[in-house]
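Worksheet: the structure to be examined is printed underneath.
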Amino acid sequence: MQAEIASSRTRNIVKALIAAAVVAIAVVGYLSLAGAKTAPDVTFSSITGEKVPMQSLRGKVVMVNFWATSCVTCVKEMPAMVETYNKYKDQGLDFVAVAMSYDPANYVLNYAETRKLPFKVALDTQGDVAKSFGDVQLTPTTFVIDKDGRIIRRYVGEPDFAALHQLLEKALAA
């Protein structure tokens with residue numbers, strides 16, 4: 001009898017966890033798709049000292065990836081981000097990897113140089129760029145911005161790269 005009660009409780013807990021996960025996924029999906037918002041008018045400061053205004057990227061599809069060298073998921077996804085950039089750059093994709101304010105500049109520079117990151121890597125030393133993009137605090141967070149400067153997708157965590165590639169192909173063809 002006690003085994004049946006324990007089994008029933010376990011099933012109820014599992015059902016509740018599944019329901020909570022479904023609700024969480026729905027909320028994240030809704031928030032990421034609700035109303036295309038214009039990307040903020042920021043200027044990125046690259047590790048090479050270049051100033052890159054968001055306005056200068058208009059006419060291109062842009063990925064803005066907030067990351068940190070101390071973020072395990074960021075480091076894990078970076079080779080796939082490089083592959084994605086290399087696959088679509090000739091079609092008009094641009095990419096800015098924005099290091100979080102708490103990430104030491106020398107770590108970011110070392111990481112970018114040793115991994116030969118082929119895209120712009122920016123430092124957000126004061127956290128202003130992250131604040132402008134909706135106060136980004138979780139890494140990785142990636143924004144896909146269309147040619148007109150509208151945010152068309154926000155990913156928190158590692159994206160499904162097959163779905164990301166489909167989205168990029170659609171945005172690049174528009």
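Cross-link reach is defined here as a Cα-Cα straight distance under 16 Å, omitting same-chain residues fewer than 8 places apart; for LYS170 the lysines meeting it are LYS60, LYS87, LYS89, LYS147.
In whole angstrom, the range 36-173 maps to an equivalent ellipsoid with semi-axes of 21, 17, 14, each derived as √(5λ) from the alpha carbon gyration tensor and ordered largest first. Annotation for ASN106 and LYS147: the two label points, set 7 Å from Cα along the Cα-Cβ direction, are 4.5 nm apart. Restricting the range 31-104 to GluC sites (Glu not before Pro) that sit in a DSSP loop and have at most 16 other Cβ atoms within 10 Å of their own Cβ leaves GLU50. For SER101, the shell of other residues with beta-carbons less than 14 Å away shows a net charge of -3, using +1 for Lys and Arg and -1 for Asp and Glu. Test of understanding: extend the Cα→C-beta vector of GLU50 to 7 Å, then name every residue of the range 158-174 with backbone N under 13 Å from that spot. Label zone hits: none. By the rule of a C-alpha distance below 13 Å, with chain neighbours fewer than 8 residues away ignored, the aspartates and glutamates paired with LYS37 are ASP146, ASP148.
Where a number appears in this text, it was derived from the coordinates with a stated rule and is not lab data. It should be emphasised that the depicted structure is a prediction, and the values quoted were computed from it without experimental measurement. For neighbour counting, all protein chains shown are included, and Cβ atoms are generated from backbone atoms with ideal geometry for every residue, glycine included.
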